[in-house]
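Report on one structure; see the data block that follows.
The values are calculated or read from the model by the stated rules, or taken from the named source; none is laboratory data. No experiment lies behind these values; they were computed from the predicted model shown. Quick reminder, even Gly has a Cβ in these numbers, built from the backbone with ideal geometry, and neighbours come from all protein chains shown.
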Amino acid sequence: MQILLVEDDQSLAAGISKALRNEGFVANHVSDGQSALHVVETEPPDIVVLDLGLPDMDGLDVLKRIRGHGSAIPVLILTARSSIDARVSGLDLGADDYLPKPFETPELIARLRVIERRLSTSQDSRISVGNISLDTLSLQVYRDDELVDLPRREYAVLKSLMENTGKVRTREQLETKLYAWGEEVSSNAIEVHVHHLRKKLGNDLIKTVRGVGYTIRKP
Ligand code: CA
C-alpha cells in the first residue's frame, strides 16, 4: 500500500513516514500542494494523507483539485483546525477521513488500515490464476489451496502482477510498489523477489519479458 504524505512540518513528516514504513506501508513525502498534485497525477498513490496548512495553497484546495480531476483516491486529512466547520468542509469536498492534530501515530495507522480494508473489499478480494490464488483482504496466497508463506515484498510483486494479468509490468513499475523514493534498491531486487516467488509458486506462473519486466499470462 503506497501512501503519499503531504505535510510541511518536516519533523512531523519524518516521524510519520518512519512509522508508516515500520507498518509495511510504502510512504513518500512532499511538503507542498503543487508537488502533491503533480504526484497524484503522474504516480498516483493508494492513499493521500493531507495536511491542510500548506505553504503554497490550502489543503482543501488540493483536495478540491484532486477530486476535480475525477480522482477517487482516498484522502485522509490531518489538521490542527479541529473546528466543526473545517471538518465538515473537508468531508463535503470528498475527504474520506479526518484526523485532528495532535494525534497519536497508532491512531493514524488504524484509520489507514480501515481505508485499506475498504479498498480491498470494494473489489473482489480473491484473485486467481491457474492453481495460484491471492486474497487481498487476508494478504494470503494459496497454491493448490495450500497456504504459501510470502514476505511482504514478494507478496507485493505477486499482487501487482496478478492484478494486471495479461499485461507486462516493468521493473520500475514494480519497484514503485515496493520501495519509497530515495530508498536504496539494489539493481536486481525485483529479479531476486521473482526468483523466490518462482521457487515457491512454480516456474511457469511468472514469465520474464526480456529487457522490460515480467508478466503473468491469462491461463
Ligand atoms: Ca502545516
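In the range 128-139, which residues are farther than 22 Å from Gly166 by Cα and of a type outside the set (A, V, I, L, M, F, W, C)?
Residue satisfying the conditions is Ser138 alone.
Give the residue that is farthest from Ile47 (Cα to Cα), with candidates limited to residues of the range 83-107 that are in a loop (DSSP other than H, G, I, E, B) and in contact with a helix residue (DSSP H, G or I) (Cβ under 8 Å, 6 or more places away or on another chain).
So the residue we want is Leu93.
Residue-wise test of (1) under 27 Å from Glu163 (Cα atoms); (2) within 12 Å of the ligand (Cβ to nearest atom).
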position	(1), (2)
Gln2	yes, no
Asp8	no, yes
Gly15	no, no
Gly33	no, yes
Val40	yes, no
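Loosely packed, with under 14 Cβ neighbours inside 10 Å, over 17 Å from the mean Cα position of the chain (by Cα) and either of a type in the set (A, V, I, L, M, F, W, C) or within 15 Å of the ligand (Cβ to nearest atom) (or both): does that describe Pro55?
The answer is yes for Pro55.
Note down all Cβ pairs under 8 Å where the first residue falls in the range 52-63 and is free of Cβ contacts under 8 Å to residues at least 24 places away in the same chain and under 17 Å from Asp97 (Cα atoms), the second is among the charged types (D, E, K, R) and assigned to a helix (DSSP H, G or I), and they're at least six residues apart or on different chains.
Taking only residues 6 or more apart or on different chains, not a single pair turns up.
Can you tell which of Leu91, Leu137, Leu119 is in contact with a Phe, Trp or Tyr (Cβ under 7 Å, 6 or more places away or on another chain), away from the ligand (no atom under 16 Å from the Cβ), modelled with pLDDT under 95 and of a type in the set (A, V, I, L, M)? Step through it out loud before you land on a result.
Numbers: Leu137 fails: in contact with a Phe, Trp or Tyr (Cβ under 7 Å, 6 or more places away or on another chain); Leu119 fails: in contact with a Phe, Trp or Tyr (Cβ under 7 Å, 6 or more places away or on another chain).
Criteria check complete, one pass: Leu91.
Looking only at the range 177-189, decide whether some residue is touching an Asp or Glu at 6+ places or on another chain (Cβ under 8 Å), touching a residue at least 12 places away in the same chain (Cβ under 8 Å) and surrounded by fewer than 16 Cβ atoms within 10 Å (Cβ to Cβ).
Initial filter on the range 177-189 (touching an Asp or Glu at 6+ places or on another chain (Cβ under 8 Å)): 185, 189.
Checking which are touching a residue at least 12 places away in the same chain (Cβ under 8 Å) leaves us with 189.
Cutting the leftovers down to surrounded by fewer than 16 Cβ atoms within 10 Å (Cβ to Cβ) gives us none.
Checked the range 177-189: no residue is touching an Asp or Glu at 6+ places or on another chain (Cβ under 8 Å), touching a residue at least 12 places away in the same chain (Cβ under 8 Å) and surrounded by fewer than 16 Cβ atoms within 10 Å (Cβ to Cβ).
Each row is one residue, and each column tells you yes or no for (1) surrounded by fewer than 18 Cβ atoms within 10 Å (Cβ to Cβ); (2) under 26 Å from Leu12 (Cα atoms); (3) in contact (Cβ under 8 Å) with a residue 60 or more places away in the chain.
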residue	(1), (2), (3)
Leu76	no, yes, no
Arg87	yes, yes, no
Lys101	yes, yes, no
Arg117	yes, yes, no
Leu134	no, no, no
Ser138	yes, no, no
Asp145	yes, no, no
Glu163	yes, no, no
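Only residues in the range 1-29 that are over 17 Å from Glu107 (Cβ atoms) and at pLDDT 95 or above count as the first member; pair them with residues that are of a type in the set (S, T, N, Q) and away from the ligand (no atom under 16 Å from the Cβ), Cβ under 8 angstrom, at least 6 apart or cross-chain, and list the lot.
Close Cβ pairs (under 8 Å, with a partner that is of a type in the set (S, T, N, Q) and away from the ligand (no atom under 16 Å from the Cβ)) amount to Leu4/Asn28; Asn28/Gln2.
Name the residue, out of Ala27, Ala72, Ala19, that is away from the ligand (no atom under 16 Å from the Cβ), crowded, with 21+ Cβ neighbours inside 10 Å, under 30 Å from Thr136 (Cβ atoms) and among the small types (Gly, Ala, Ser).
Unique residue meeting the criteria: Ala27.
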